[in-house]
Amino acid sequence: MVRTRIRRLPRHLYTGERSVAFTACTKDREILFLKPNDIDAHVDNLRRAADACDCVVPIYCFMPDHLHVMFKGLDATSDTLAAMVKFKLLSGLWFRRKGLPGWQADFWDHAIRGHVDWRAHATYIAHNPVRAGLVESPFEYPLLGSIGCDLSDEIGR
(Lines give C-alpha, C1' and ligand atoms only; values in the text may rest on other atoms or scores of the structure.)
Protein backbone atom coordinates (compact mmCIF):
# COMPACT_ATOMS: atom_id res chain seq x y z
CA MET A 1 0.00 0.00 0.00
CA VAL A 2 1.32 3.43 -0.95
CA ARG A 3 0.73 6.22 1.55
CA THR A 4 0.37 9.63 0.06
CA ARG A 5 1.06 12.76 2.00
CA ILE A 6 -2.04 14.68 2.99
CA ARG A 7 -2.04 17.97 1.14
CA ARG A 8 -3.30 20.98 3.04
CA LEU A 9 -3.55 24.61 2.16
CA PRO A 10 -1.03 27.04 3.62
CA ARG A 11 -1.63 27.21 7.37
CA HIS A 12 -2.55 30.90 7.41
CA LEU A 13 -5.66 30.17 5.28
CA TYR A 14 -7.19 28.30 8.24
CA THR A 15 -6.54 30.86 10.99
CA GLY A 16 -8.14 34.13 11.97
CA GLU A 17 -11.44 35.47 10.70
CA ARG A 18 -11.64 33.07 7.78
CA SER A 19 -14.25 30.66 6.46
CA VAL A 20 -13.32 27.17 5.33
CA ALA A 21 -15.67 24.51 3.95
CA PHE A 22 -14.85 20.87 4.66
CA THR A 23 -16.23 17.59 3.31
CA ALA A 24 -15.75 14.32 5.20
CA CYS A 25 -16.94 10.94 3.93
CA THR A 26 -17.87 7.92 5.97
CA LYS A 27 -15.59 4.92 5.72
CA ASP A 28 -16.37 2.94 2.57
CA ARG A 29 -19.21 5.45 1.99
CA GLU A 30 -21.30 3.63 4.57
CA ILE A 31 -24.76 5.18 4.95
CA LEU A 32 -24.90 6.45 8.53
CA PHE A 33 -26.99 9.62 8.40
CA LEU A 34 -30.66 9.24 7.55
CA LYS A 35 -32.64 10.74 10.45
CA PRO A 36 -32.19 13.71 12.79
CA ASN A 37 -31.40 11.45 15.76
CA ASP A 38 -28.53 9.95 13.67
CA ILE A 39 -26.72 13.30 13.88
CA ASP A 40 -27.56 14.61 17.37
CA ALA A 41 -24.24 13.54 18.92
CA HIS A 42 -22.33 14.81 15.88
CA VAL A 43 -23.96 18.25 16.07
CA ASP A 44 -22.94 18.39 19.72
CA ASN A 45 -19.38 17.46 18.70
CA LEU A 46 -19.42 20.17 16.00
CA ARG A 47 -20.48 22.66 18.69
CA ARG A 48 -17.72 21.53 21.06
CA ALA A 49 -15.06 21.71 18.35
CA ALA A 50 -16.22 25.13 17.12
CA ASP A 51 -16.30 26.55 20.66
CA ALA A 52 -12.83 25.20 21.46
CA CYS A 53 -11.37 26.85 18.35
CA ASP A 54 -13.25 30.18 18.48
CA CYS A 55 -15.42 29.41 15.47
CA VAL A 56 -19.06 29.25 14.47
CA VAL A 57 -20.64 26.83 12.03
CA PRO A 58 -22.64 28.84 9.48
CA ILE A 59 -23.85 25.60 7.93
CA TYR A 60 -23.60 21.84 8.23
CA CYS A 61 -25.28 19.32 5.97
CA PHE A 62 -25.19 15.62 6.78
CA MET A 63 -25.81 13.66 3.61
CA PRO A 64 -26.39 9.90 3.96
CA ASP A 65 -22.67 9.03 3.57
CA HIS A 66 -20.81 12.31 4.04
CA LEU A 67 -20.79 15.68 5.75
CA HIS A 68 -20.42 19.20 4.40
CA VAL A 69 -19.52 21.73 7.09
CA MET A 70 -18.23 25.28 7.13
CA PHE A 71 -16.28 26.69 10.06
CA LYS A 72 -15.97 30.48 10.29
CA GLY A 73 -13.35 32.03 12.55
CA LEU A 74 -14.52 34.70 14.97
CA ASP A 75 -11.21 36.41 15.77
CA ALA A 76 -7.45 36.31 15.26
CA THR A 77 -7.10 33.21 17.48
CA SER A 78 -9.65 31.14 15.53
CA ASP A 79 -8.47 27.95 13.83
CA THR A 80 -10.85 26.28 11.38
CA LEU A 81 -8.51 23.36 10.61
CA ALA A 82 -8.12 22.58 14.31
CA ALA A 83 -11.92 22.71 14.64
CA MET A 84 -12.36 20.13 11.87
CA VAL A 85 -9.65 17.87 13.26
CA LYS A 86 -11.18 18.09 16.75
CA PHE A 87 -14.65 17.35 15.36
CA LYS A 88 -13.41 14.25 13.52
CA LEU A 89 -11.62 13.05 16.66
CA LEU A 90 -14.69 13.50 18.88
CA SER A 91 -17.13 11.99 16.41
CA GLY A 92 -14.68 9.19 15.57
CA LEU A 93 -14.59 8.22 19.23
CA TRP A 94 -18.41 8.24 19.26
CA PHE A 95 -18.50 5.96 16.18
CA ARG A 96 -16.04 3.59 17.83
CA ARG A 97 -18.14 3.35 21.04
CA LYS A 98 -21.19 2.53 18.91
CA GLY A 99 -19.31 -0.04 16.81
CA LEU A 100 -19.90 1.94 13.60
CA PRO A 101 -17.37 2.31 10.77
CA GLY A 102 -16.77 6.06 11.20
CA TRP A 103 -14.97 8.43 8.87
CA GLN A 104 -12.47 7.97 6.07
CA ALA A 105 -8.98 8.97 7.15
CA ASP A 106 -8.87 12.36 5.45
CA PHE A 107 -11.21 15.14 4.34
CA TRP A 108 -11.37 17.80 1.66
CA ASP A 109 -11.25 21.50 2.37
CA HIS A 110 -11.89 24.71 0.52
CA ALA A 111 -10.81 28.07 1.89
CA ILE A 112 -13.33 30.76 1.04
CA ARG A 113 -11.23 33.57 -0.40
CA GLY A 114 -11.82 37.13 0.71
CA HIS A 115 -13.34 38.13 -2.63
CA VAL A 116 -15.87 35.28 -2.47
CA ASP A 117 -18.95 35.70 -0.30
CA TRP A 118 -19.02 32.77 2.12
CA ARG A 119 -22.83 32.98 2.09
CA ALA A 120 -22.82 31.95 -1.58
CA HIS A 121 -20.80 28.86 -0.67
CA ALA A 122 -23.14 28.13 2.27
CA THR A 123 -26.08 28.36 -0.14
CA TYR A 124 -24.34 25.90 -2.45
CA ILE A 125 -23.87 23.49 0.48
CA ALA A 126 -27.51 23.89 1.52
CA HIS A 127 -28.68 22.85 -1.93
CA ASN A 128 -26.81 19.51 -1.89
CA PRO A 129 -29.90 17.58 -0.70
CA VAL A 130 -31.94 19.28 -3.44
CA ARG A 131 -29.41 18.32 -6.13
CA ALA A 132 -29.40 14.76 -4.74
CA GLY A 133 -33.20 14.60 -5.13
CA LEU A 134 -33.82 14.15 -1.39
CA VAL A 135 -35.98 17.27 -0.97
CA GLU A 136 -37.36 20.12 -3.06
CA SER A 137 -36.10 22.90 -0.76
CA PRO A 138 -33.06 22.96 1.53
CA PHE A 139 -35.30 24.07 4.39
CA GLU A 140 -37.17 20.75 4.16
CA TYR A 141 -34.00 18.76 4.84
CA PRO A 142 -33.82 17.77 8.52
CA LEU A 143 -30.05 17.12 8.59
CA LEU A 144 -29.13 20.70 7.72
CA GLY A 145 -28.38 23.35 10.31
CA SER A 146 -26.00 25.88 11.79
CA ILE A 147 -24.32 26.59 15.12
CA GLY A 148 -23.89 30.15 16.33
CA CYS A 149 -25.74 31.58 13.31
CA ASP A 150 -29.31 31.72 12.02
CA LEU A 151 -29.31 29.50 8.95
CA SER A 152 -32.22 31.33 7.31
CA ASP A 153 -30.15 34.54 7.45
CA GLU A 154 -27.07 32.82 6.02
CA ILE A 155 -28.35 31.18 2.86
CA GLY A 156 -30.42 32.27 -0.10
CA ARG A 157 -33.62 30.50 -0.88
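Out of Pro10, Pro64, report the one residue that is out of contact with any Cys (no Cβ under 6 Å at 6 or more places or on another chain) and under 30 Å from Ser137 (Cα atoms).
Step by step, each of Pro10, Pro64 is checked, and only Pro64 is out of contact with any Cys (no Cβ under 6 Å at 6 or more places or on another chain) and under 30 Å from Ser137 (Cα atoms).
I'd like the full set of residues that are hydrophobic (A, V, I, L, M, F, W, C), free of Cβ contacts under 8 Å to residues at least 60 places away in the same chain and within 17 Å of Leu13 (Cα to Cα), limited to region 56-74.
Scanning region 56-74 gives Val69, Met70, Phe71, Leu74.
Would you please list the contacts, defined by Cβ atoms under 6 Å and residues six or more apart or on different chains, that run from a residue in region 123-149 that is farther than 18 Å from Lys35 by Cα to a residue that is part of a loop (DSSP other than H, G, I, E, B) and open to solvent by 30 Å² or more (accessible area, probe 1.4 Å)?
If the second residue must be part of a loop (DSSP other than H, G, I, E, B) and open to solvent by 30 Å² or more (accessible area, probe 1.4 Å), the pairs left are Thr123/Gly156.
Of the residues Tyr60, Tyr141, which is under 15 Å from the mean Cα position of the chain (by Cα), at pLDDT 90 or above and hydroxyl-bearing (Ser, Thr, Tyr)?
It is Tyr60.
Does any residue in region 23-37 that is touching a residue at least 40 places away in the same chain (Cβ under 8 Å) come within less than 7 Å, Cβ to Cβ, of a residue that is basic (Lys, Arg) six or more places away or on a different chain, and which pairs are these?
Partner pairs satisfying both residue conditions: Ala24/Lys88.
With respect to Asp65, is the statement that it is more than 25 Å from Val135 (Cβ to Cβ) and modelled with pLDDT of 95 or more true?
no
Tell me which of these Gly148 doesn't satisfy, since it passes every other one: (1) at positive phi; (2) over 16 Å from the mean Cα position of the chain (by Cα).
The one condition Gly148 does not meet is (2).
The values are calculated or read from the model by the stated rules, or taken from the named source; none is laboratory data. Keep in mind the model is a prediction, meaning the values are calculated, not measured. Cβ atoms come from the backbone with ideal geometry, glycine included; neighbour counts cover every protein chain shown. Note: areas computed on protein heavy atoms with side chains; ligands, DNA, RNA excluded. Shrake-Rupley method; radii C 1.70, N 1.55, O 1.52, S 1.80 Å.
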